[in-house]
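In what follows, a single structure is set out as structure tokens and then discussed.
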Ligand code: NYM
């Protein structure tokens, strides 16, 4: 008998919202409850495309804004066969960022419409659930020591947050908003 399809669960949020920690905890909790689960993350910096993206994010290279947007999308598409296979095998995928980050980050740059930004990702496997980790302004200020990567400034992150808020109005996506501070408690 074919395995029941796994669920595709995406965690989204601005930088430093705690997505990676929550993804790991969720995978652990699913596995402990006897469900096969694995974590994935985008960008996946291990592929050839991912390495181009990583160099750009680390400011070791410059890429034209449309070009890097398409590379982020291509990085998702190149992993689609793997994702589909695992989902069909019954593995639940917990994904740290997906196309929503792609749209929110690029459309926060001047001159990019949401519509244009969304087009390259049309047709990707649709998530069953997208959890948005909402960082409170107080907590964001505490975590304000951004790293060295591109996009890690308060001004840009605020613009990204607004784009996410717009995307969350789409009723065709199963958005759930969570507070990472509350979620981090084990109780
Ligand atoms: N990012 C991530 C994009 O600009 N577009 C995308 O499609 C995706 C998936 O890359 N600042 C941005 C968001 C983050 C950075 O950081 C990836 P991290 O720490 O690897 O999640």
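What follows is calculated from the coordinates using simple rules that are stated; it is not laboratory data. These numbers come from a predicted model, not from an experiment. Neighbour counts run over all protein chains shown; Cβ positions are idealised from the backbone, glycine included.
Using the alpha-carbon positions of the range 117-168, Rg (one decimal) and Dmax (whole number) come out as 13.8, 38 Å.
For the chain, what is the relative contact order in percent, using Cα pairs closer than 8 Å and at least 6 residues apart in sequence? Relative contact order of the chain: 35 percent. Give the separation of the Cα centroids, the range 9-53 to the range 64-114, in Å. Comparing the Cα centres of the range 9-53 and the range 64-114, I get a distance of 13 Å. In terms of surrounding Cβ atoms within a 10 Å radius of their Cβ, 103, 80, 122 rank from fewest to most as 122, 80, 103. From the square roots a ≥ b ≥ c of the eigenvalues of the alpha-carbon gyration tensor of the chain, which class results: rounded (a/c under 1.5), prolate (a/b over b/c), or oblate? Because a/c hits 1.5 or more and a/b fails to exceed b/c, the chain counts as oblate.
Computed per residue of the chain from DSSP H runs no shorter than four, each worth -39500 (n - 2.57), the mean residue ellipticity at 222 nm is -13000 deg cm²/dmol. Dividing the Cα radius of gyration of the range 1-63 by its Kirkwood radius returns 1.10 for Rg/Rh.
Dimensions of the range 14-103 along the principal axes, based on C-alpha atoms and rounded to the nearest Å, stand at 45, 29, 21, largest first.
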